[in-house]
Amino acid sequence: MTSAAASPDMLRRLVGFDTTSAKSNRALIDWVRDYLAGHGVAATLVPNEAGTKANLYASIGPAVAGGIVLSGHTDVVPVDGQPWNTDPWTLTEKDGRLYGRGSCDMKGFVACVLAAVPRLRAARLKVPVHFAFSYDEEVGCLGAHSLAERLMGSVPRPRAVIIGEPTMMGTVRGHKGQNSYQVVLTGFEAHSSMTHLGVSAVHFAGELIHFINGLQDELAARATDNGYMPPFGTMNVGTLSGGTAGNILARECTLIWEYRQVPGDDADEARRRVQAHIDDALLPAMLRRHAAARIEMTPRFVVPAFRGEERGEAEQLARAWSGSNDSTMVAYATEAGIFQQTGISTVVCGPGDIAQAHQPNEFVLTSQLAACDAFLDRMIEWAERG
Ligand SMILES: [Zn+2]
């Protein structure tokens with residue numbers, strides 16, 4: 001079987017849809033649904049509550065157990081403020097590179113999968129191949145939870161899940177989790193010369209960040225030889241906003257922080273420790289200054305860690321189809337942990353380099369798309385043998 005040269009053309013189509021996570025992905029999803037229908041493949045959409053976004057899943061081949069799930073997200077990160085040399089929504093080829101937002105992360109993989117549809121339809125598959133395309137991966141893997149649940153509830157038990165995030169077609173068998181929280185501190189305004197009359201939310205946000213810094217040092221001191229870089233759980237305060245003027249005690253301050261745990265570590269530890277510090281120290285100290293003080297911490301999202309087994313079924317299949325000799329662990333989060341929670345062997349393997357993801361002038365090498373096409377051809381040959 002020879003690879004179709006269609007995956008760059010398919011990628012051009014997909015990149016043309018601005019599916020920044022803050023926007024709807026429906027135009028892309030509807031186009032994919034129509035494309036699949038044109039090849040006689042029925043797709044199911046799993047919309048979000050508002051109906052503004054949707055996951056899509058579809059199957060090709062017999063409705064039997066032992067199939068392969070090919071998973072990709074359809075959203076991309078924003079281009080705002082980034083110095084692009086080309087239009088990020090027009091795939092542009094130069095020197096063996098295809099430039100465009102999402103070309104690497106991860107419409108490249110989705111394009112290869114969709115370009116393989118005619119080959120999949122022509123093949124005599126003994127086990128099915130399932131597509132699982134999600135929304136809102138880049139803002140906390142929001143779509144994948146309902147997608148994994150619906151897909152696994154409606155098809156006979158698959159054998160393996162391949163998450164096509166960029167790995168240069170190497171195989172990744174583990175990644176850290178990600179737990180994101182928002183904290184809103186409410187103080188009481190006063191003239192900044194009258195500090196005894198109010199309490200500043202900004203000052204106490206500083207205390208909270210100081211505590212998080214200490215916790216971060218404690219986590220770093222627990223480093224073990226676990227294959228991750230860095231080899232310990234990490235914390236980050238990503239945004240902080242508060243106050244309205246230099247001469248007012250700030251009424252409100254909001255911060256977003258996260259904890260990325262190594263698989264096997266307690267994903268909830270950082271949240272518990274921060275909550276205990278708020279309850280036992282920060283809030284009482286604020287209340288001593290003014291009775292109106294409040295601190296609310298709410299979870300934003302949880303991406304479970306992914307702990308693939310060495311020599312697991314998905315890893316072995318992906319290594320056979322990609323020709324890679326080894327598998328590694330990475331720090332960035334993907335939807336792999338969510339699919340793994342359904343009990344199916346999972347691996348991350350896809351075209352492009354994560355170093356190009358989220359960057360201005362994001363690109364994927366045409367040779368990487370060709371490598372992914374060849375990977376899918378070997379998968380199809382395997383599925384024909386059954
Ligand atoms: Zn991605």
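The values are calculated or read from the model by the stated rules, or taken from the named source; none is laboratory data. Here the structure is a predicted model, which means the values were calculated and not measured. Neighbour counts run over all protein chains shown; Cβ positions are idealised from the backbone, glycine included. Note: areas computed on protein heavy atoms with side chains; ligands, DNA, RNA excluded. Shrake-Rupley method; radii C 1.70, N 1.55, O 1.52, S 1.80 Å.
Sequence-ordered 3J(HN,Hα) estimates for the range 127-141 from the Karplus curve with 6.51, -1.76 and 1.60 and θ = phi - 60° stand at 10, x, 10, 10, 9, 9, 10, 10, 10, 6, 5, 6, 10, x, 6 Hz, glycine and proline given as x.
Listed values for the range 303-319 are Karplus-derived 3J(HN,Hα) couplings in whole Hz (6.51 cos²θ - 1.76 cosθ + 1.60, θ = phi - 60°), namely 10, x, 5, 10, 10, x, 7, 5, 6, x, 4, 4, 4, 5, 5, 4, 5, and x replaces Gly and Pro.
Quarter the surface of the alpha carbon convex hull of the range 347-386 and you get the mean projected area, 3.4 square nanometres.
Considering lysine pairs in the chain that are 8 or more places apart or on different chains, how many have Cα atoms under 19 Å apart? Display every interim value, and only then the final one.
Details: 23/53; 23/107; 53/107; 94/107.
Qualifying lysine pairs in the chain: 4.
Summing +1 for each Lys or Arg and -1 for each Asp or Glu among the other residues whose beta-carbon sits under 12 angstrom from that of residue 145 gives -3. If I model the range 1-112 as equal point scatterers sitting on the Cα atoms and use the Debye formula, what is log10 I(q)/I(0) at q = 0.15, 0.21 Å⁻¹? Ignoring solvent entirely, the Cα scatterers give -0.72, -1.25. Size descriptors for the range 174-333, from the alpha-carbon set: Rg then Dmax equal 20.4, 70 Å.
Each Lys or Arg adds one and each Asp or Glu takes one away; over the other residues whose Cβ falls under 10 Å from the Cβ of residue 306, this sums to +2. Using the alpha-carbon positions of the chain, Rg (one decimal) and Dmax (whole number) come out as 23.4, 79 Å. Expressed in units of 2.2 N^0.38 Å, where N is the residue count, the Cα radius of gyration of the range 264-374 is 1.63.
At a 1.4 Å probe radius, carbon and sulfur cover how many percent of the accessible area of the chain? Spell out each step's value before the answer.
Working: 8180 of 16220 Å².
Exposed carbon and sulfur together represent 50 percent of the surface.
When the Cα positions of 332, 321, 250 are compared along the charge dipole of the chain, 321 comes out farthest toward the positive end, with charges on each C-beta of Lys, Arg, Asp and Glu.
For the chain, what proportion of DSSP beta bridges, expressed in % and rounded to the nearest 5, is antiparallel?
Numbers: 46 of 65 bridges.
Of those bridges, close to 70 percent are antiparallel.
Database note for the chain: Cys without another Cys beta carbon under 4.7 angstrom, 104, 141, 253, 349.
If I stretch the segment between residue 157 and residue 359 completely, what's the gain in nm (0.36 nm per residue apart, minus their alpha carbon distance), one decimal?
Values: separation 202, 0.36 × 202 = 72.72 nm, distance 3.72 nm.
Using 0.36 nm per residue and subtracting the Cα-Cα distance, I get 69.0 nm.
Using the Karplus relation 6.51 cos²θ - 1.76 cosθ + 1.60 with θ = phi - 60°, the per-residue 3J(HN,Hα) values for the range 186-199 come to 10, x, 9, 5, 7, 4, 5, 7, 10, 5, 6, 9, x, 8 Hz, with x marking Gly and Pro.
With every protein chain left in place, what is the accessible area per residue of the range 178-303 in square angstrom, probe 1.4 Å? Present the calculation step by step, with values, prior to reporting the outcome.
On the way: 6520 Å² over 126 residues.
Per residue, the range 178-303 has an accessible area of 52 Å².
Zone of residue 298 (label point 7 Å along Cα→Cβ, backbone N under 18 Å): which residues in the range 23-54? Under 18 Å, as judged by backbone N against the label point of residue 298, lie 49-50 of the range 23-54. For residue 127, the shell of other residues with beta-carbons less than 10 Å away shows a net charge of +2, using +1 for Lys and Arg and -1 for Asp and Glu.
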